Amino acid sequence: MYNNLAYNTYAQNNIGIESPEKLVQMMYEGILRFNMQAKRSINEGDIEKRTYWVNRSSAIFSELINILDYSQGDVAHYLSELYNYQLRLLVETVIHNDATKLDEVNKVVKGLLEAWKESADVANRA
């Protein structure tokens, strides 16, 4: 209970001070952190914590899907499919207690994070 309260307070405070671009970056970074915790929980045999951390990552992907702007063209549709596939991999992580699925998700998220940072850098230089 306390952890949720602390996280929600942190998230609310950051929403007020960060740009939308920075928030997406923070969401990608959050997925990577939560997946690291989930992987640690799998290695320790802690099913409850594994499920908790995977659910946190899933919630971020769900939010990323919800904020897509489909008026921007094919990129939003591509990202929607990609995010939904990542959600399926997270479900498989829980069903099969398989950390390799987390590695697949992390590889994709790291690529997205790097691309997001590069596009933000280009936009800031323009």
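Taken together, the values in this text are just the output of simple stated rules run on the coordinates, not laboratory data. On a predicted model such as this, the values are computed, not experimentally measured, just so you know. Glycine gets a Cβ as well: all are built from the backbone with ideal geometry, and neighbour counts include every protein chain shown.
Hey, can you tell me all the residues within region 65-74 that are among the charged types (D, E, K, R) and in a loop (DSSP other than H, G, I, E, B)?
Selection gives 69 alone.
List the pairs whose first member sits in region 69-87 and is without any contact (Cβ under 8 Å) to a residue 12 or more places away in the chain, whose second member is surrounded by 14 or more Cβ atoms within 10 Å (Cβ to Cβ) and not in a helix (DSSP H, G or I), and whose Cβ atoms are under 8 Å apart, counting only residues at least 6 apart or on separate chains?
Sorted first by the residue in region 69-87, then by its partner, the pairs are 76/68.
Among 55, 35, which is surrounded by 13 or more Cβ atoms within 10 Å (Cβ to Cβ), in contact with a Ser or Thr (Cβ under 7 Å, 6 or more places away or on another chain) and in a helix (DSSP H, G or I)?
Within the list 55, 35, the selection yields 35.
Taking region 20-50 as the region of interest, how many residues are among the polar types (S, T, N, Q) and more than 15 Å from the chain's Cα centre (by Cα)?
Number satisfying all stated conditions: 2.
All but one of (1) over 27 Å from residue 46 (Cβ atoms); (2) in a helix (DSSP H, G or I) hold for residue 62; which doesn't?
(1) is the only condition that residue 62 fails.
Taking the conditions exactly as written (touching a residue at least 40 places away in the same chain (Cβ under 8 Å), within 12 Å of the chain's Cα centre (by Cα) and in a helix (DSSP H, G or I)), does residue 102 satisfy them or not?
So residue 102 fits the description; yes.
What is the number of the single condition among (1) aliphatic (A, V, I, L, M); (2) surrounded by fewer than 16 Cβ atoms within 10 Å (Cβ to Cβ); (3) free of Cβ contacts under 8 Å to residues at least 40 places away in the same chain that residue 120 does not meet?
(3)
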